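These notes are about the structure you will find just below.
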Amino acid sequence: MEILTSIAEMQIAARELRRGGTLALVPTMGALHAGHLSLIAAAKRDCTHVAATIFVNPLQFGPNEDFNRYPRTFEADCAALTAAGVDILFAPSAEMMIPDGATTFVEVGGISDRLDGAHRPGHFRGVATIVAKLFHIIEPDRAYFGQKDAAQLAVLRAMVHDLNFFVEIVACPIVREPDGLALSSRNRYLTTEQRIRATILHRSLDAAADLHAHGERNSQVLTATMQQMLASEPTVIVEYAAVVDPDTLLPLADTTGSALLAVAARLGETRLIDNHLLGNFE
Ligand code: PAF
């Protein structure tokens, strides 16, 4: 696997790869786990070549968030990406991606202030700005993101639509631990006790999804079910438990169409998110 850190070199290398077939992009912040590797596997299935990026993006962390302690495991990440068959890794520095004096940002209005955006001001502006830059630098045919970050997907889909990026956004299913916890680079922050309690996120989603499978369509009932389950773990501080439209992230009164059950909670300093997509084809 070739590793590049310069934008100019990456632009030339990506152009070469596109000439030889289709090019997939898998953007990451490193600290790779099986969820990321499932994105690479999907990218390899679909496209001739795969480029991955590792960039811990300072623009998407708030002043009191975990930018400094975010896990950085570059050597292990490179070994995993090589084993997974990635052609090129782009791993730029912060100075390279966000040069002094840069004043242009991508703001996806509305959606960026919902769900995680409501609790992390500026987060999606940071994500959209960096992903837009990666799309311009690499010009992939397809770009792969995890369904776990459902709000991020909605923001990026809106950005691609509104700014006419010539790229297809591909969402890949959430990968879970055997006990159901969604994989996240932040799971490694959890203490043994918090790790056990963290399963309440997906158990609350499962309870609501189960009701839905038995015919319940009222969002208030589904939301109350999630909230009650989450409240059974008082040390888990809930940020949101919501039933929303997966594209706009606006609250839904009923779930006769497709709907997203989404939860976010804090265990100590660690913020976790999870979701479940409900599809009705009635
Ligand atoms: O999902 C992530 O890891 C990040 O938000 C992304 C898409 C790489 C942008 O920094």
Out of Ile196, Ile130, Ile138, a Gaussian network model of the chain with alpha-carbon springs under 10 Å gives the largest mean-square fluctuation to Ile196
Find the relative contact order for the chain and round it to a whole percent, using C-alpha pairs within less than 8 Å whose residues are 6+ positions apart.
17 percent
With Cα coordinates, the longest principal axis of the chain makes an angle with the long axis of helix 7-19, in degrees rounded to 10, of 90 degrees
Karplus-derived 3J(HN,Hα) from phi for region 152-168 (6.51 cos²θ - 1.76 cosθ + 1.60, θ = phi - 60°), whole Hz, x at Gly and Pro, runs 4, 4, 5, 5, 5, 5, 5, 4, 4, 5, 5, 9, 6, 5, 8, 8, 9
If contacts are Cα pairs under 8 angstrom and at least 6 residues apart, what is the relative contact order of region 178-278 in percent?
28 percent
Work out the charge dipole of region 1-158 with +1 on the Cβ of Lys and Arg and -1 on the Cβ of Asp and Glu about the Cα centre, then indicate which of Gln152, His136, Ile54 is farthest towards its positive end.
Gln152
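Under a Cβ-Cβ cut-off of 13 Å, what is the net charge of the residues other than Val155 that fall near it, where Lys and Arg count +1 and Asp and Glu count -1? It would help to have the intermediate numbers written out before the result.
Working: positive: Arg114, Arg120, Arg125, Arg157; negative: Glu107, Asp113, Asp116, Asp149, Asp162, Asp247.
Within the 13 Å Cβ shell, the charges total -2.
Under unit Cβ charges (Lys, Arg +1; Asp, Glu -1), what dipole magnitude, rounded to 20 debye, does the chain have relative to its Cα centre? If you can, show how the numbers build up before the last one.
Numbers: 23 positive and 33 negative charges, 54 e Å.
About 260 debye.
What does the net charge come to around Asn187 if you take all other residues with beta carbon closer than 12 Å to its beta carbon, with K and R at +1 and D and E at -1?
Numbers: positive: Lys148, Arg176, Arg186, Arg188, Arg195, Arg271; negative: Glu177, Asp179, Asp274.
That works out to +3.
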Over region 55-170, calculate the relative contact order: mean separation of alpha carbon pairs under 8 Å at least 6 apart, over the residue count, as a percent.
28 percent
Roughly how tilted is helix 200-213, in degrees to the nearest 10 and between 0 and 90, from the longest Cα axis of the chain?
70 degrees
Using a simple charge model, +1 on the beta-carbon of Lys and Arg, -1 on the beta-carbon of Asp and Glu, nothing else, what dipole does region 123-282 show about its Cα centre, in debye to the nearest 20?
520 debye
Spin-label pair Thr48/Ala102, simplified geometry with 7 Å Cα→Cβ offset, distance in nm
3.0 nm
So if R0 is 25 Å, what FRET efficiency would Asp179 and Leu250 give, r being the distance between their Cβ atoms, rounded to the nearest 0.05?
0.20
Given the options Ser258, Ser112, Ser204, state which has the largest fluctuation in a GNM of the chain using a 10 Å cut-off (strictly under) for Cα springs.
Ser258
Amide H proximity to Ala31 below 5 Å, modelled H, separation 5+ or other chain, gives Thr73
Using only the alpha carbons of region 22-151, determine the length spanned along each of the three principal axes and report them from longest to shortest in whole angstroms.
36, 29, 28
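Report the charge-dipole magnitude of region 56-192 in Debye, nearest 20, computed about the Cα centre from +1 at each Lys and Arg Cβ and -1 at each Asp and Glu Cβ. Mind showing how you got there, number by number?
Values: 12 positive and 17 negative charges, 64 e Å.
It comes to approximately 300 debye.
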Overall form of region 192-282 per C-alpha gyration tensor (a/c, 1.5; a/b vs b/c)
prolate
For region 65-212: span of alpha carbons on each principal axis (Å, largest first):
45, 38, 30
Spacing of the two label points (7 Å from each Cα toward its C-beta) at Glu193 and Ile237, in nm
1.6 nm
Please report the base-10 log of the normalised intensity I(q)/I(0) for the chain, using a Debye sum with one equal scatterer per alpha carbon and no solvent, at each q in 0.10 (1/Å).
-0.53
How many angstrom lie between the C-alpha centres of region 56-73 and region 103-135?
15 Å
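So, counting K/R as plus one and D/E as minus one, what does the shell of residues with Cβ under 14 Å around Pro251 add up to? Show your work: numbers first, answer last.
Working: positive: Arg114; negative: Asp113, Asp245, Asp247, Asp254.
Neighbour charge sum, excluding Pro251 itself: -3.
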When the helix-only estimate is applied to the chain (DSSP H runs of n ≥ 4, each -39,500 (n - 2.57), divided by the residue count), what is the mean residue ellipticity at 222 nm, nearest 500 deg cm²/dmol?
-11000 deg cm²/dmol
Dipole of region 74-217, positive end: most advanced residue of Phe74, Asn164, Gly117 [Cβ charges, Cα centre]:
Gly117
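Where the eigenvalues come from the Cα gyration tensor of region 4-54, what are the semi-axes √(5λ) of the equivalent ellipsoid, largest first, in whole Å? Please list the in-between numbers first.
Working: eigenvalues 78, 49, 4 Å².
One finds semi-axes of 20, 16, 5 Å for region 4-54.
Any read-out appearing in this document is the output of simple, stated calculations on the displayed coordinates, not a laboratory observation. Quantities reported herein were computed from a predicted structural model and do not represent experimental measurements. So basically every Cβ, Gly included, is an ideal-geometry build from the backbone, and we count neighbours across all protein chains shown.
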